[in-house]
Number of protein chains: 2
Amino acid sequence: MKIWDISRPLSEDMTVYKNRDAKRPRRTVTMDYSRGSYFESRLDTDMHCGTHLDAPLHMIEGGKTIEQIPPGDLMGPCTVMDLTGVKEKITAADLEPLDIQPGAIVLLKTANSLREDYDPRFVYLEEDAALLLASLPVRVLGVDSMSVERDKPGHPVHKTLMRAGIHIVEDLRLGDVEPGAYFFIAMPLRIRGAEASPVRAVLVRGMKEAAL
Amino acid sequence: MKIWDISRPLSEDMTVYKNRDAKRPRRTVTMDYSRGSYFESRLDTDMHCGTHLDAPLHMIEGGKTIEQIPPGDLMGPCTVMDLTGVKEKITAADLEPLDIQPGAIVLLKTANSLREDYDPRFVYLEEDAALLLASLPVRVLGVDSMSVERDKPGHPVHKTLMRAGIHIVEDLRLGDVEPGAYFFIAMPLRIRGAEASPVRAVLVRGMKEAAL
């Protein structure tokens, strides 16, 4: 198997949404070798920091929580689509030529993948593109920005996708990945009641579904 | 694909090692629908709480950290082995008849899987069993206890396994899983410098490695 790790590393000095310090992960070392014979630590992190999966509760009151999403929904053949030429936002007109199929796992690689710092003008998904994806609907939408939409009052893009049952994975690291076909696996933590979770996400070649 | 979720749910009231409150995960809701138009939270958790992967740094000064473990090491064909008849500890004599192969991913299902509370007399791995696994070595050892060893000064079982390059996944939830062959996937978070990470771990049937 060949594996691409498309997860952003979690650290105290990582890039966070709008550069807000309150969003940063904090690590606490509770035991180390200066004091004992083993090393232990804790991690305190915002659920939307680094590569993460949003559950519907994030934007829809009473929506599903993260542990209610079956892990198999986040595994399967996927396509990394080349949208690096898009300037400001991804529109329905950008997606129409791509022949996206119902049930697909779709990762959109944009110019966001070419930088590591926080860009307030990041490429985002326009509402008509969300409606197109919701009409199919796709199964998973992965983006390389910290949020699928940018400062839209009422969060219509999140809501359109979530109401269609589409799982939204944000802040994927696609800079080292060529557009094309892969097997996608993303795994959120099984956190009771949470509206999101950090995920480890990978692309694999040399893995496939097989007869049971 | 058929999937078994063998991860323990993370929550504030979950069972933790030695019932120590300091080990508990803590969730903080930073925004909810009584105050705004979305829901956000943080999770503060010990790295050894619930189903988790130990990196060598946990027990070996200067050892590898969690983000240095290639994710592909934690994916592949595995066997869930039936050790539910073992009373106190798993010994080399218990493992010898099982024909464990070098490079295998081995999950040991014991009587620990039959209870949810913390049992100070949990079934653990004896040193001679660790030496047997290290002599092969296996690739991954998964256990259904919160620690692979029990109150051993100097942590010889962890160290023997880690020095052989064996990845140790602890506190798997195997109660609902029949012994047999599966495809194993466990995904730690990509936390820079950490000695361990919570993982989401699943068993899959209907997935296999394929030609690249």
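Overview of values
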read-out: Per-residue SASA entry for A:ILE3, accessible area with 1.4 Å probe, Å² rounded to 10; value: 50 Å²
read-out: Label geometry 7 Å along the beta-carbon vector: A:PRO120 inter-copy distances in nm; value: 5.8
read-out: Volume per residue that the Cα convex hull of the range A:1-129 spans, once the total is divided by residue count, Å³; value: 199 Å³
read-out: Computed label-point distance, nm, for sites B:ARG163 and B:GLN101 using a 7 Å Cα→Cβ extension; value: 2.8 nm
read-out: Proximal lysines to A:LYS2, defined as alpha-carbon separation beneath 25 angstrom and excluding residues fewer than eight positions away on the same chain; value: A:LYS109, A:LYS208, B:LYS2, B:LYS64, B:LYS208
read-out: Cut-off 20 Å (backbone N to label point 7 Å along Cα→Cβ of A:THR30), residues of the range B:1-42; value: B:8-29, B:42
read-out: Radius of gyration, Dmax [the range B:22-91; alpha carbons; angstrom]; value: 19.0, 56
read-out: Pair A:ASP176, A:LEU114: separation of 7 Å Cα→Cβ label points (nm); value: 2.0 nm
read-out: The range A:18-72 versus the range B:27-54: alpha-carbon centroid distance in Å; value: 6 Å
read-out: Computed helical MRE - 222 nm, chain B, DSSP H runs ≥ 4 contributing -39500 (n - 2.57), nearest 500; value: -2500 deg cm²/dmol
read-out: Three-way shape call for the protein assembly as shown based on the alpha-carbon gyration tensor, with the a/c threshold at 1.5; value: prolate
read-out: Loss of accessible area when A meets B, both sides summed, Å² nearest 100, probe 1.4 Å; value: 5800 Å²
read-out: With all protein chains modelled, accessible area of B:ARG27 [1.4 Å, Å²]; value: 60 Å²
read-out: Label distances, nm, B:ARG26 versus same residue in remaining copies, Cβ-directed 7 Å point; value: 0.9
read-out: Other-copy label distances relative to B:SER135, 7 angstrom Cα-Cβ extension, nm; value: 6.6
read-out: Distance between the range B:134-186 and the range A:125-174 - C-alpha centres, whole angstrom; value: 39 Å
read-out: Highest-MSF residue in chain B out of B:ARG139, B:ARG26, B:ARG35 [GNM, Cα springs under 10 Å]; value: B:ARG35
read-out: Per residue accessible area in Å² of the protein assembly as shown, where ligands, DNA and RNA are left out and the probe is 1.4 Å; value: 39 Å²
read-out: Top positive-direction residue, dipole computed over the range B:72-212 with Cβ charges, set B:LEU107, B:VAL80, B:VAL199; value: B:VAL199
read-out: Of all accessible heavy-atom area on the range A:1-49, the percent that carbon and sulfur account for (1.4 Å); value: 46 percent
read-out: With every protein chain in place, the range A:94-203: carbon and sulfur % of accessible area (1.4 Å); value: 48 percent
read-out: Given charges at beta-carbon only (K, R positive; D, E negative), |dipole| of the range A:1-154 in Debye; value: 380 debye
read-out: Amide H partners (placed H, <5 Å) of A:SER7, local residues excluded; value: A:ARG173, A:ALA201
read-out: nm² value of the averaged projected area, convex hull over the Cα atoms of the range A:58-116; value: 6.2 nm²
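The values are calculated or read from the model by the stated rules, or taken from the named source; none is laboratory data. Nothing here was measured: the structure is a model prediction, and the numbers come from that model. All Cβ positions, even for glycine, are placed from backbone atoms using ideal geometry, and neighbour counts span all protein chains on display. For the accessible areas, the whole protein counts, side chains as well, though only heavy atoms, and no ligand, DNA or RNA atoms are used. Shrake-Rupley method; radii C 1.70, N 1.55, O 1.52, S 1.80 Å.
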